[in-house]
Amino acid sequence: MDPQRSLDGGVVQQNREYAAPERRWAWVEIDREAIRHNLKRFRRHLGPDVRMLAVVKADGYGHGAVECARVSLATGASVLGVASVDEGIELRHAGIAAPVLILAEPPIEAIPLVLQHQLVPSVYNMEFALALGETADAQGRPSPYHLKVDTGMNRVGVHYSDAGDFLRTIDFHRGLELQGVFTHFATADDIDTYEFKRQIERFEQALSVIRYMGIDPGTVHAANTSAAIRYRQSHYDMVRLGIGIYGLYPSEVTKQSIELHPAMSVRARVSFLKAVPVGEGVSYSHSYRSPGNVLVATLPIGYGDGLSRVLSNRMDVLAKGRRLPQVGNICMDMTMVEVDQRSSALHPRTDIALGDEVTIIGRSGNDLITLDDMGKMTGTINYELACRFGLRLDRVFVD
Ligand SMILES: *Cc1c(COP(=O)(O)O)cnc(C)c1O
């Protein structure tokens with residue numbers, strides 16, 4: 001992980017009038033203003049005492065963890081959430097001093113790094129808890145931790161009926177300081193509310209046992225984006241906002257009550273343009289043949305950049321406010337689109353030239369292609385697509 005990745009290409013610009021990245025004519029554009037807008041909308045949606053943890057795991061869902069962390073902290077978030085020790089260290093190396101919660105329990109071997117970088121681990125295995133306590137105590141400074149309680153996701157966490165016993169065993173430890181107790185919902189984005197309510201009840205049950213034992217649970221948190229949008233009773237002391245700060249909705253039912261702006265666009269420039277004679281095939285396997293009267297434009301972006309090969313011959317891109325059909329099999333690093341050369345009164349020809357900008361995700365003129373649209377076509381969710389587009393493409397931040 002290199003926090004300077006988007007800087008050393010000289011591609012970070014302060015406004016929309018940027019030159020395309022000089023190294024490759026394909027890039028992800030991240031609108032910082034959209035992220036600010038989304039956090040402000042959540043701020044208004046939540047009670048005044050509810051803190052916001054910005055989840056920047058998986059390189060900020062592909063949006064750039066360091067940059068998104070900075071924007072989030074400057075716009076009201078007070079805690080950051082990551083998935084791994086390395087993701088936490090990346091934030092520290094970028095000079096970010098805000099509290100960082102690792103949303104999962106790291107391996108015991110990583111404890112020295114956790115302490116060195118003042119990251120706050122989630123805890124749910126007794127071996128880990130005791131090892132954390134021993135190491136922290138040896139260094140003379142207790143380690144804060146959050147207890148993760150499993151209330152029905154059945155992924156990780158201390159079972160809700162064991163939370164009291166678990167804490168009873170480790171609460172004496174001089175090296176451990178309980179800073180928070182949390183759970184995670186499996187179905188907060190679902191129309192059906194039964195499982196959600198059952199998880200809340202189980203969480204409440206665990207919290208009352210903990211309090212009854214005289215233990216202060218610290219910061220209590222449960223809500224992801226969906227629950228933060230839909231269920232006030234799940235807000236507690238803090239909400240963990242991931243997908244929402246990037247302007248994406250976890251599901252259809254979450255779209256009603258909050259207006260979010262997507263921060264990510266995916267763009268490319270035409271890197272080659274040619275007429276393909278009628279009947280000639282294009283790309284691997286010749287899954288498309290020229291109908292004649294077309295130009296084929298090549299874009300330097302492919303499945304290695306997150307543009308799924310499943311979309312071959314099924315997707316459109318936007319250029320000059322018009323839709324152009326993608327044609328032929330999507331390659332690892334390149335993709336072709338068809339530019340119809342016929343023209344009529346109703347459908348004037350789109351004039352495309354080498355170097356013209358094409359939008360794969362995002363707005364162009366009055367038209368828009370979203371990660372949700374692409375998710376429906378590929379059988380996955382906007383979360384996964386955003387992560388994938390962030391893996392290889394350069395990033396350009398705009399305000
Ligand atoms: C990823 C994650 C979140 C954020 O979920 P969103 O649906 O993106 O808001 C919150 N909590 C935990 C534990 C997570 O792993």
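The values are calculated or read from the model by the stated rules, or taken from the named source; none is laboratory data. Not measured: the values here are computed from a predicted model. Backbone-built Cβ (ideal geometry, glycine too); neighbour counts: all protein chains shown. Note: areas computed on protein heavy atoms with side chains; ligands, DNA, RNA excluded. Shrake-Rupley method; radii C 1.70, N 1.55, O 1.52, S 1.80 Å.
With +1 on each Lys and Arg Cβ and -1 on each Asp and Glu Cβ, and nothing else charged, work out how big the dipole of region 327-370 is about its Cα centre, in Debye to the nearest 20.
Details: 3 positive and 7 negative charges, 30 e Å.
Using only the charged Cβ atoms, the result is roughly 140 debye.
Using alpha carbons only, how many degrees (0 to 90, rounded to 10) separate the axis of helix 32-45 from the longest principal axis of the chain?
Taking the Cα atoms of the chain, the angle to 32-45 is about 40 degrees.
May I ask you to rank E384, E134 by accessible area, largest first, using a 1.4 Å probe over the protein chains only? Let's see the in-between values first.
Working: E384 85, E134 110 Å².
If we order E384, E134 from most to least accessible, we get E134, E384.
Of S226, S143, S161, which is the most mobile in a GNM of the chain whose springs link Cα atoms less than 10 angstrom apart?
S161
Counting pairs of Cα atoms in the chain, how many percent are more than 28 Å apart?
Values: 41639 of 79401 pairs.
Every Cα pair in the chain considered, those over 28 Å come to 52 percent.
Mind checking the full-extension length gain between D165 and A186? Use 0.36 nm per residue of separation minus the Cα-Cα distance, one decimal, nm. Can you show the working numbers first?
Working: separation 21, 0.36 × 21 = 7.56 nm, distance 2.42 nm.
Length gained, D165 through A186: 5.1 nm.
When the scattering of region 131-280 is computed by the Debye formula from its Cα atoms alone, each counted once and equally, what is log10 I(q)/I(0) at q = 0.12, 0.19 Å⁻¹?
Listed by q, the Debye log ratios stand at -0.62, -1.11.
At a 1.4 Å probe, what is the % contribution of carbon and sulfur to the accessible area of region 264-398?
Looking at region 264-398 in its full context, I get 53 percent from C and S.
Local charge sum around I215 (other residues, Cβ-Cβ under 9 Å, Lys/Arg +1, Asp/Glu -1)? Mind showing how you got there, number by number?
Values: positive: R168, R211; negative: D171, D216.
Here the charged neighbours net out to 0.
Determine how large the accessible area of D399 is when every protein chain is in place; take a 1.4 Å probe and give Å² rounded to the nearest 10.
We get 70 Å² for D399.
For helix 382-392, what angle does its Cα long axis make with the longest principal axis of the chain, in degrees from 0 to 90 and rounded to 10?
Helix 382-392 sits at roughly 70 degrees to that axis.
Expressed as an acute angle from 0 to 90° and rounded to the nearest 10, what is the orientation of the C-alpha long axis of helix 194-212 relative to the principal long axis of the chain?
Approximately 30 degrees, to the nearest 10.
Carbon and sulfur atoms: what percent of the 1.4 Å accessible area of region 46-249 do they account for? The partial results should precede the final answer.
Working: 4050 of 8130 Å².
The computed percentage sits at 50.
Å³ per residue of the Cα convex hull, for region 264-398? Mind dumping the intermediate values first?
Working: hull volume 14.3 nm³, N = 135.
Spread over its residues, the Cα hull of region 264-398 gives 106 Å³ apiece.
From the residues F182, V253, L119, which one has its Cα farthest along the dipole of the chain in the positive direction, the dipole being from +1 and -1 charges on Cβ of Lys/Arg and Asp/Glu about the Cα centre?
Among F182, V253, L119, the one farthest towards the positive end of the dipole of the chain is V253.
What size of dipole, in debye to the nearest 20, comes out for the chain about its Cα centre when the only charges are +1 on Lys and Arg C-beta atoms and -1 on Asp and Glu C-beta atoms?
Numbers: 43 positive and 48 negative charges, 205 e Å.
The dipole magnitude comes to about 980 debye.
Quick check for you: with a 1.4 Å probe and neighbouring chains kept, what is the accessible area per residue of the chain, in Å²?
Working: 17560 Å² over 399 residues.
That works out to 44 Å² for each residue.
Just the accessible area for H184, please: 1.4 Å probe, Å², rounded to the nearest 10?
Its heavy atoms expose roughly 50 Å² to the probe.
Rounded, prolate or oblate: pick one for region 46-249, where a ≥ b ≥ c are the square roots of the eigenvalues of its C-alpha gyration tensor, a/c under 1.5 means rounded, and failing that, prolate if a/b is larger than b/c, else oblate. Please list the in-between numbers first.
On the way: a/c = 1.82, a/b = 1.05, b/c = 1.73.
Since a/c reaches 1.5 but b/c is at least a/b, the shape of region 46-249 is classed as oblate.
Hey, for a label at R342 modelled as a point 7 Å past Cα toward Cβ, could you say which residues of region 308-323 have their backbone N under 17 Å away?
Hits in region 308-323 for R342 at 17 Å: 323.
Order M332, M238, most accessible first, counting only protein heavy atoms with a 1.4 angstrom probe.
Numbers: M332 95, M238 5 Å².
Ranking M332, M238 by accessible area, largest first, yields M332, M238.
Given +1 on the Cβ of Lys and Arg, -1 on the Cβ of Asp and Glu, and no further charges, what dipole in debye does region 264-398 carry about its Cα centre, rounded to the nearest 20?
Result for region 264-398 is approximately 60 debye, rounded to the nearest 20.
Using a Gaussian network for the chain with springs between C-alpha atoms less than 10 Å apart, which of these wobbles most: P250, P99, P107?
P107
Which residue, chosen from L368, P48, Y284, occupies the Cα position most advanced towards the positive end of the dipole of the chain, where the dipole is computed from +1 (Lys, Arg) and -1 (Asp, Glu) charges on Cβ about the Cα centre?
L368
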